[in-house]
Each structure stands twice: as structure tokens, then as C-alpha cells.
Amino acid sequence: RMLAAGLVNADVVSAARAEPARLSRRKASGGNDHLIRGLLSGTLAPELRGTAVQELETTVELPLQREVETLARRAADYLASYGASALAAIVVDNASGDVLAYLGSPDFSRAEALGQNDGARALRQPGSTLKPFVYAAAMEQAQFSAATLLPDLPLELTTEHGSYEPKNYDGRFHGPVRLRRALANSLNVPAVYAANRVGPDRVLELLHRVGFSSLTGDADQYGAAIALGDGEVRLSELAGAYAMLARDGDLLPLRLYHRARQASGATLTRDTVSPTRVLDARVARVLTDILTDDLARSAEFGRNGPLAFPFPVAAKTGTSKGYRDNWTIGYTREVTVAVWAGNFDGKPMTGSSGITGAAPLFHEVMLAAMRGKTPLPLVSHEGLLEAEVCELSGKLATALCPHTQREWFVPETVPRAACDMHEAVAIEPHDGLRAGPACAGATRKVFERYPAEYESFARDAHRPLAPRGFSPHCPGTAATTLNTARVSFPRGGEHFARDPGGPPRQEILLEAQSAAASLRFLVDGRDVGGGRSPFRLPWALARGSHELRVATPDGSLSEPVAFEVR
């Protein structure tokens, strides 16, 4: 057939026929097989589908590709202890979008591990790797900043599939947290709060804009859980999106080959295209500043682990629900590295997360990809403003703030208000209670002060709160703000209707806010229940006009709220 096609002459054919055939099994070349097959089949390059490609020049750097394959085979050994049998990796040159290394699985020929599956383009749940883009949407749409205070408190959202209550990886709540700390430590609850606040539709729009075409469902399908990877994406899409952050918001399509020569003699070339601006460069720079902050993420990930390098690297890990997928994605100014670990059959791993599963291989591949390169500065603050903020409140620091931090802002998001979560209180030194104005021996001490929604957390966490009562040695007038309370739902003047076809008991959730230790709910003057924060109480709908108040332990009553049930 080669002779008939004019590819060789008769002498070459005769010599080939005379040579004995020796069959040998070659060593599997890992992801290189996936790349070549994906290109020639048209899966990775639709323009090549159905064409007779005779010669193909890929973008892969062969020495780096071979090193990645060697590192992957070594990583497969330790991943086996976590119950993982597969992994994939991609290295991207950020300036051009060229894929410098492409590994679909550690061993293409290993049937028991389903090695012919391509992990670089398999659809998998991305876990926390989408969080930077959730916060990007919040920065664009709601003027969030790295200092924005987010609630890491019990959160319950109602969806079409029922109630949704996100939990953090460590199983704890951390109260008020600044966005920098929430993202750096990959806290789940603040990310879901942010997605719900800005709207899942806007988050999904941004994800589509930065290249996640695999998310084909609508916003209602994913809901706010999209912040935790409720959906499926490809490793190649993650690599492209993080490379976009490395370019300060400019998106380039991944390029897998330079040219392909067909049997007809025609040549297809893939030239570098101009990047598309898909994200405000200033927002991208704030996110890069956070993702490179080793100190900010040390609470969850420690120091000197697999995310620590001798040069700046922005990195994010991810673990999907059920521990089926481990991810680590990161970038320098020069390259982006994306790694996935798991099982192609969906079997969960044991005791493994992004930082323990995928991150060690990510570390080795990043070092290999940067070898011989002089790292350019990664973090740029061009177009940003710096301000000193209180570490607790995220607002402008005052003399009362014991811990402050220099923070970078998109100019229009610089906080205007001063910190209000610290207060100086006169204390009677003998009993540690509040001192009245006539107390000569009082000392002034700084305490933390929390908004009502954080009061219960602050007490349970034993935060340094000011005492409520005055010392009998130095009496004063009780601060009326300590026990004030208000009804937050219903909001007043609202009408509710019982569903005639519904169950006998139909409820609404009464809600209130207060700094008091406990509250009682009073409907039409009758005590219907209460307790400690959070102040919420299910109440069975009863037809008629009603008045709701809440009472504090000292007997103070909130302003009444009127509502009607039909």
C-alpha cells in the first residue's frame, strides 16, 4: 500500500520484505499514547478528524514528557497505598498555550487500571479547584475583596433536591473569616456563601467565560454547590483556566500540535492566536496574590509541604465528594501544572486529599517544568491599592486592633469604614467586671466585639469578649445594647398562605438576632419556644393576624412585627 501510494520505491519494499520480522513489546509511554491517539482521532483536534495524517509535530517537549512519565510511575506506587490506580498531568507554557507535557495515565497498557482511559480529558468532579473562580465572580459582581468578611457558620440552603448544608473539610466552623484566609485554606462554607450571594447563574457564566465548556447544565442544576465542584470538568480545562490567571486574565486555547502533514501533501498548522481578556486583570492579580500566600494557607496546609517551592508558585488543591478525585493545579509566570489522581472506575480513595494525593506529584512536575528557567516575578500589584486592615474585621485598622495586615485591593473595593470589632472597656481590676465612670482604679482593656450573627460562635470559641455586668465595687449603668434583640423573619407586613393540599402541619421558620445569651419567641403574647443562638424556631401556621416579639433574659422585648396567615 505504501508503494501504491508513492511513499516508497520498489527497492525499499524489496529490502523490507527480505528483513526478518522481530516482534517485541515496547515499554508503555504513558500519556504520549493518549495525546497521539486523541489528535489523530480528532478528539483533541477536530480539524484532524477523518484526515490521513502522515507526519505530526506536537508541542510536547520530549525530555520533559519522559521525566513526567517517570515521575508518574513513581507516584503511582505511593498512590496505591491510598487506593488510587490512576493519575494524569498536563504542563502548559503560559506565553503560547503550548502543552509541554501530556500524561493521560501512568501506563497505557495496564488493563486492570483501565490505563487506556485519558485522565487529562476525562470528566471528573473538580472539588475545591473552582473556588478561585467563584470568588472572582464575587469580586466582579459584588465588589468582594481579599479582606471581605465571610461567615463560616452553619449554613442551610433550600434547593429543588432538598436542604443543603455544606461542611468544611476539618469538620469545624471558624466564625468570621476574611476572603484571603477562606480561599487560601479552602474553607467550604464561605465559598458556598459567596456563590449563593452572587448567584449560581453568575458564577456559571464566569466559569463558561474562562473555558469550562463541560459544565453544560443550568445554574439551578448546580446551585451554590458549584463552589465545591458540583459538576464535572476536564483536567485540560482546569489547566487552561489557571493559565489564564497566570496571564492576568487573558485566555488562550491550549495548543497540542504545531503542524500536521497529510498524505496528500497538504499541511495544517496551529499558529498562536491572540489572547482574549475574560477577567479583570486586577481581580486575577488579587487571586494570584492569595494563591501564593504560604502564610495564609499554613493553618490548613502547614509550611514546607508540597506547595512550598524555592520560587513563587500560585497553587490550589481539590478533593471531590466521596474522595474519588484529588487535584492540584498551580502556576508560575512561565508554566501551569495540573495533576489529577483517582480511579477511572470511580472507586473512592482512602485517607487521601488533594494535598496528600495529587500535590506530591505536582511538586515534582513543577520543579521539572521550571528547571533551567529563571522565574519571572509572579505576583503583580499593578492597578491595585494597598491598605492596612484589621485581621479580625477586614476593615481599616485602628489603634485598638492588636493584629493588622497590609492588604491589596482593586481601588473601588478599598474599605471605607474603620474596624468596629474591637472595643476598649473600663475594667474593675479586682473582679474583672465592667467599671462604672466613677471608678478611680479602673484599667482599660481591649476586647473583641462581634455582630449578632457571630455572638454564639464567639462565646463557644471563648473569644476575648467584654464582660456583660458591672462590678459591685464600681457600679454603672447597664449598656442597653447588650441585650437588645430584633425579629429578622418575618419582616413585617408579610402574608402567608396555607396550602389546602399540603400536610396538616405547615411551618415557617421564625428568626431573630441578638447579642443576648438566649431568646424566647412570643406570638400574640404567648411564649412558643426559644433557646440559644442561632435564634430560629419552626412555628406552625395558624390562620389570622399575628404579632411576633422576642424577649431577652432580662425581660426586654423587641419591637413587634405584624404578619398575616390566610
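For the structure I just gave you, tell me whether LEU367 is more than 22 Å from GLN143 (Cβ to Cβ), outside any strand (DSSP E or B) and either free of Cβ contacts under 8 Å to residues at least 40 places away in the same chain or open to solvent by less than 60 Å² (accessible area, probe 1.4 Å) (or both). The answer is yes for LEU367.
On the stretch given as region 292-339, residues that are of a type outside the set (Lys, Arg) and free of Cβ contacts under 8 Å to residues at least 40 places away in the same chain total 10. Within region 500-516, the residues that satisfy the criterion of being closer than 26 Å to ALA458 by Cβ and under 34 Å from the mean Cα position of the chain (by Cα) are LEU509, LEU510, GLU511, ALA512, GLN513, SER514, ALA515. Residues of region 143-180 that are among the charged types (D, E, K, R), in a loop (DSSP other than H, G, I, E, B) and out of contact with any strand residue (DSSP E or B) (no Cβ under 7 Å at 6 or more places or on another chain): GLU160, GLU165, LYS167, ASP170, ARG172. Within region 545-559, the only residue that satisfies the criterion of being under 18 Å from GLU494 (Cα atoms), over 41 Å from the mean Cα position of the chain (by Cα) and open to solvent by less than 60 Å² (accessible area, probe 1.4 Å) is HIS546.
Within region 234-256, being assigned to a strand (DSSP E or B) and not aliphatic (A, V, I, L, M) holds for ASP250, ARG255. Taking the criterion of being touching a residue at least 60 places away in the same chain (Cβ under 8 Å) and not β-branched (Val, Ile, Thr), the residues of region 371-386 that qualify are PRO375, PRO377, LEU378, SER380, HIS381, GLU382, GLY383, LEU384. Of all the residues in region 424-480, those that are assigned to a loop (DSSP other than H, G, I, E, B) and either open to solvent by less than 30 Å² (accessible area, probe 1.4 Å) or among the acidic types (Asp, Glu) (or both) number 10.
For region 267-296, which positions are of a type in the set (Asp, Glu), modelled with pLDDT under 95 and not in a loop (DSSP other than H, G, I, E, B)? Scanning region 267-296 gives a single hit, ASP294. Filter region 301-334 for residues that are under 15 Å from the mean Cα position of the chain (by Cα) and under 20 Å from GLY372 (Cα atoms); which is surrounded by the fewest Cβ atoms within 10 Å (Cβ to Cβ)? Among those that are under 15 Å from the mean Cα position of the chain (by Cα) and under 20 Å from GLY372 (Cα atoms), it is ALA314. What's the total number of residues in region 152-189 that are surrounded by fewer than 19 Cβ atoms within 10 Å (Cβ to Cβ) and either acidic (Asp, Glu) or within 15 Å of the chain's Cα centre (by Cα) (or both)? Selection size over region 152-189: 7. Is there a residue in region 335-356 that is open to solvent by 10 Å² or more (accessible area, probe 1.4 Å), part of a loop (DSSP other than H, G, I, E, B) and touching an Asp or Glu at 6+ places or on another chain (Cβ under 7 Å)? Among the residues of region 335-356, not one is open to solvent by 10 Å² or more (accessible area, probe 1.4 Å), part of a loop (DSSP other than H, G, I, E, B) and touching an Asp or Glu at 6+ places or on another chain (Cβ under 7 Å), which makes the answer no.
Of the residues ALA95, ALA111, ALA76, only one is open to solvent by 30 Å² or more (accessible area, probe 1.4 Å), of a type outside the set (D, E, K, R) and free of Cβ contacts under 8 Å to residues at least 60 places away in the same chain; which? Only one candidate qualifies: ALA111.
Total residues in region 518-536 satisfying the condition of being open to solvent by less than 30 Å² (accessible area, probe 1.4 Å), in a strand (DSSP E or B) and touching a Leu at 6+ places or on another chain (Cβ under 6 Å): the figure is 3. For beta carbons closer than 6 Å, sequence separation of 6+ or different chains, a first residue in region 200-222 that is among the β-branched types (Val, Ile, Thr) and surrounded by 17 or more Cβ atoms within 10 Å (Cβ to Cβ) and a second that is outside any helix (DSSP H, G or I) and modelled with pLDDT of 95 or more, the qualifying pairs are VAL210/VAL278.
The rows are residues; the columns are (1) out of contact with any strand residue (DSSP E or B) (no Cβ under 6 Å at 6 or more places or on another chain); (2) assigned to a strand (DSSP E or B); (3) at pLDDT below 95.
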site	(1), (2), (3)
GLY115	yes, no, yes
THR129	no, no, no
VAL134	yes, no, no
ALA137	yes, no, no
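The values are calculated or read from the model by the stated rules, or taken from the named source; none is laboratory data. None of these values were measured; they are calculated from a predicted model. Positions of Cβ are backbone-derived with ideal geometry, glycine not excepted, and every protein chain shown enters the neighbour counts. Only protein heavy atoms, including side chains, enter the accessible area calculation; ligands, DNA and RNA are left aside. Shrake-Rupley method; radii C 1.70, N 1.55, O 1.52, S 1.80 Å.
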